[in-house]
Amino acid sequence: MMPPAVRTRALSKRYGARVALAPLDLEVAAGEFLALVGPNGAGKSTLLLLLAALARPSDGQAWLFGHPVERGPGSSAGRRAVGYVGHPLIAYRALSPRQNLEFFGRLYGLPGLEALVDASLARFGLAEQADDPAGSLSRGQQQRLSLARALLHEPPLLLLDEPFNSLDSEATGVLSGALRQASRAGRTVLMATHDLDRARELAGQVAVLRRGHLALRAEAPAGAQAWASLYRRAAGEAGE
Amino acid sequence: MNYLRGVWLVARKDLLSETRTFERLSSMLFLALTILVIFNFALDFSRWQMADLAAGVLWVTLPLAAVLALHDSFRAEREDQALWGLLLAPLDESAIYLGKLLSNLLLLLILGALTLGLSAVFFNFNLVPVAAGLGLVVLLNALGFAALGTLFATLSSRARRGEVLLHLLLLPVAIPLILAAVRSTTPLLAGRGLGEVRPWLQLTVAMDVIFTTAGVLLFGYLTEE
């Protein structure tokens with residue numbers, strides 16, 4: 001039987017006395033698109049950082065496609081499975097989009113890199129800015145570069161932390177299209193977002209986190225009203 | 001991914017970034033030049049041995065200029081969390097550290113070569129007969145300084161006043177390295193052979209091994225969120 005794309009057992013994270021993520025048991029099947037929603041400080045970003053092995057859990061364990069999430073020697077199978085897009089650009093401002101993609105592509109040992117980078121730049125509408133410094137790109141273009149980097153090695157799992165933040169409508173369209181395409185291609189997607197409309201449009205499953213706890217895990221309901229009501233019920237007090 | 005290829009890719013990326021702006025190299029060289037000019041005007045060459053003066057000035061100049069480059073080597077990684085891209089890749093963390101170390105070492109060696117040349121002009125000594133010995137001293141000390149500096153720059157880059165923290169952490173810990181460099185340089189400039197400075201060179205090699213090993217072992221912990 002195929003292992004779940006994501007599995008956590010009592011996974012938790014504390015920063016001093018503050019609990020960022022309470023012990024969490026979660027399973028996400030391969031090919032699912034899960035929207036992680038919840039108020040600020042709910043633990044969404046922390047969960048994604050833990051799954052990407054960018055933070056070390058205080059307790060518990062996570063597996064991606066059956067491989068334990070860890071850093072250090074022997075962890076490359078798990079790492080190859082992940083494409084991560086976060087708030088920051090995760091690329092070098094001094095280098096151009098082409099140089100950034102070529103650099104990260106070489107780290108993954110991708111064959112036919114030149115053609116792959118050209119195709120990626122064209123796909124994300126960055127061909128014209130391919131040789132400009134990444135620092136000179138607009139926020140929307142930077143986010144597209146971030147997504148191009150995350151998808152370059154065609155990972156089966158995408159971890160997205162507020163990917164639609166501060167995007168203009170053109171960039172939002174490109175990003176939505178790329179995520180739909182990734183989902184149709186069978187990739188598993190975990191997307192943390194405040195944007196319920198976007199989550200409703202893309203996700204088939206929803207998990208609501210509240211103060212570090214999993215408040216709800218369900219099939220995504222149809223209709224904006226049902227989403228809003230589900231979110232209010234799970235996230236608790238008004239205003240959160 | 002081949003380990004050594006990973007090290008080289010990280011170093012190559014840093015050097016490529018540097019060639020887009022030459023920010024680090026130019027700031028190091030201007031500081032080094034300024035210090036050398038000031039010492040050249042301040043010191044009375046008739047009262048002191050040239051070898052003592054030049055060794056002291058050289059090893060004040062190199063570490064201070066190097067701190068600038070070391071701090072900036074991690075600024076690009078923390079800005080926009082580019083470092084996460086490295087940590088997400090199927091690359092051993094120690095390869096990232098060694099790649100950063102290698103690029104820093106190459107910059108420090110360029111700084112060392114240019115500072116030696118400028119020192120020869122300002123202090124009026126013939127560099128040719130002592131170039132090989134001094135080159136070895138600069139190489140060994142630059143390696144130790146780059147190893148320690150890369151490690152501390154990883155740590156200080158997380159702090160709000162990272163550059164100040166880097167000075168506070170790096171310079172005191174690097175004092176044995178700097179003292180060994182001065183003790184190696186003075187006899188060489190006075191025309192004595194490498195045999196005379198062998199114990200200092202051995203001490204420097206030992207510190208290089210210790211600092212590099214510490215960096216390889218600790219880098220992963222210092223880059224966790």
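Name the single residue, out of those in the range A:132-145 being within 13 Å of chain B (Cβ to nearest Cβ) and outside any helix (DSSP H, G or I), that is surrounded by the most Cβ atoms within 10 Å (Cβ to Cβ).
Step one: list which residues in the range A:132-145 are within 13 Å of chain B (Cβ to nearest Cβ), which gives A:132-137, A:139, A:142-143, A:145.
Okay, now just the ones that are also outside any helix (DSSP H, G or I), so A:132-133, A:137.
Values: A:132: 14, A:133: 18, A:137: 20.
Checking each candidate, the answer is A:137.
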Flagged pairs (Cβ under 8 angstrom, 6 or more apart or on separate chains; first in the range B:1-19, within 9 Å of chain A (Cβ to nearest Cβ) and closer than 19 Å to residue B:219 by Cα; second outside any loop (DSSP other than H, G, I, E, B) and among the charged types (D, E, K, R)) are B:9/A:106; B:10/B:100
Output yes when any residue across the range A:183-196 is more than 15 Å from the chain's Cα centre (by Cα) and part of a helix (DSSP H, G or I), and no when none is.
yes
Pairing a residue in the range A:40-62 that is facing chain B (nearest Cβ under 9 Å) with any residue that is in a loop (DSSP other than H, G, I, E, B) and among the acidic types (Asp, Glu), where Cβ atoms lie under 8 Å and the two sit 6 or more apart in sequence or on different chains, gives A:49/B:225; A:53/A:70; A:54/B:224; A:54/B:225; A:55/B:224; A:55/B:225; A:56/B:224
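Does residue B:88 meet the test of being surrounded by 17 or more Cβ atoms within 10 Å (Cβ to Cβ) and in contact with a strand residue (DSSP E or B) (Cβ under 7 Å, 6 or more places away or on another chain)?
On the way: surrounded by 17 or more Cβ atoms within 10 Å (Cβ to Cβ): yes; in contact with a strand residue (DSSP E or B) (Cβ under 7 Å, 6 or more places away or on another chain): yes.
Against the criterion (surrounded by 17 or more Cβ atoms within 10 Å (Cβ to Cβ) and in contact with a strand residue (DSSP E or B) (Cβ under 7 Å, 6 or more places away or on another chain)), residue B:88 qualifies.
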Within the range B:44-51, can one find any residue that is within 9 Å of chain A (Cβ to nearest Cβ), in a helix (DSSP H, G or I) and over 18 Å from the mean Cα position of the chain (by Cα)?
no
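Residue by residue through the range A:146-173, note down the ones that are among the polar types (S, T, N, Q) and either farther than 20 Å from residue A:92 by Cα or away from every other protein chain (no Cβ under 12 Å) (or both). Write out each step before concluding.
Within the range A:146-173, the subset among the polar types (S, T, N, Q) is A:146, A:165-166, A:169, A:172.
Hits for the range A:146-173 are A:165, A:166, A:169, A:172.
Every residue in the range B:46-67 that is of a type outside the set (S, T, N, Q), surrounded by fewer than 19 Cβ atoms within 10 Å (Cβ to Cβ) and in contact (Cβ under 8 Å) with a residue 24 or more places away in the chain, please. Before you say what the answer is, go through the steps one by one.
To start, the set of residues in the range B:46-67 that are of a type outside the set (S, T, N, Q) comprises B:47-48, B:50-60, B:62-67.
From the residues that got through so far, the ones that are surrounded by fewer than 19 Cβ atoms within 10 Å (Cβ to Cβ) too are B:47-48, B:50, B:52, B:56, B:60, B:64.
Once the filter is applied, which keeps residues that are of a type outside the set (S, T, N, Q), surrounded by fewer than 19 Cβ atoms within 10 Å (Cβ to Cβ) and in contact (Cβ under 8 Å) with a residue 24 or more places away in the chain, the range B:46-67 yields B:50, B:52, B:56, B:60, B:64.
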List the number of the failed condition for residue B:91; all other conditions in (1) in contact (Cβ under 8 Å) with a residue 40 or more places away in the chain; (2) part of a helix (DSSP H, G or I); (3) hydrophobic (A, V, I, L, M, F, W, C) hold.
(2)
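Looking at the structure I just gave you, is residue A:237 more than 14 Å from the chain's Cα centre (by Cα), outside any loop (DSSP other than H, G, I, E, B) and either farther than 30 Å from residue A:17 by Cβ or at pLDDT below 90 (or both)? I'd like the intermediate steps shown before the answer.
Working: more than 14 Å from the chain's Cα centre (by Cα): yes; outside any loop (DSSP other than H, G, I, E, B): no; either farther than 30 Å from residue A:17 by Cβ or at pLDDT below 90 (or both): yes.
No: the conditions fail for residue A:237.
Would you check if residue A:79 is in contact with a helix residue (DSSP H, G or I) (Cβ under 8 Å, 6 or more places away or on another chain), closer than 27 Å to residue B:73 by Cα, facing another protein chain (nearest Cβ under 7 Å) and at pLDDT below 95?
On the way: in contact with a helix residue (DSSP H, G or I) (Cβ under 8 Å, 6 or more places away or on another chain): yes; closer than 27 Å to residue B:73 by Cα: yes; facing another protein chain (nearest Cβ under 7 Å): yes; at pLDDT below 95: yes.
Spelling it out, residue A:79 is indeed in contact with a helix residue (DSSP H, G or I) (Cβ under 8 Å, 6 or more places away or on another chain), closer than 27 Å to residue B:73 by Cα, facing another protein chain (nearest Cβ under 7 Å) and at pLDDT below 95.
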If we only count helices (runs of 4 or more DSSP H) wholly inside the range A:76-131, which ones have 2 or more residues that are of a type outside the set (Val, Ile, Thr), over 28 Å from residue A:64 (Cα atoms) and free of Cβ contacts under 8 Å to residues at least 12 places away in the same chain?
A:113-123
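Somewhere in the range B:208-223, is a residue of a type outside the set (Phe, Trp, Tyr), crowded, with 20+ Cβ neighbours inside 10 Å and within 14 Å of chain A (Cβ to nearest Cβ)? Let's see the steps before the verdict.
Initial filter on the range B:208-223 (of a type outside the set (Phe, Trp, Tyr)): B:208-210, B:212-218, B:220, B:222-223.
Checking the rest, the ones that are also crowded, with 20+ Cβ neighbours inside 10 Å come to B:208, B:212, B:215, B:223.
Still in the list and also within 14 Å of chain A (Cβ to nearest Cβ): B:223.
So far as the range B:208-223 goes, yes, one or more of its residues are of a type outside the set (Phe, Trp, Tyr), crowded, with 20+ Cβ neighbours inside 10 Å and within 14 Å of chain A (Cβ to nearest Cβ).
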Looking for whichever is assigned to a helix (DSSP H, G or I) and over 21 Å from residue B:210 (Cβ atoms) here; the options are B:153, B:55, B:142, B:147. Which one fits?
B:55
Of the residues A:179, A:167, A:158, which is surrounded by 14 or more Cβ atoms within 10 Å (Cβ to Cβ) and in a strand (DSSP E or B)?
A:158
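The values are calculated or read from the model by the stated rules, or taken from the named source; none is laboratory data. Small disclaimer: the values here were computed from a predicted structure and weren't measured. Cβ coordinates were reconstructed from backbone atoms using ideal geometry, including for glycine residues, and neighbour counts include every protein chain displayed.
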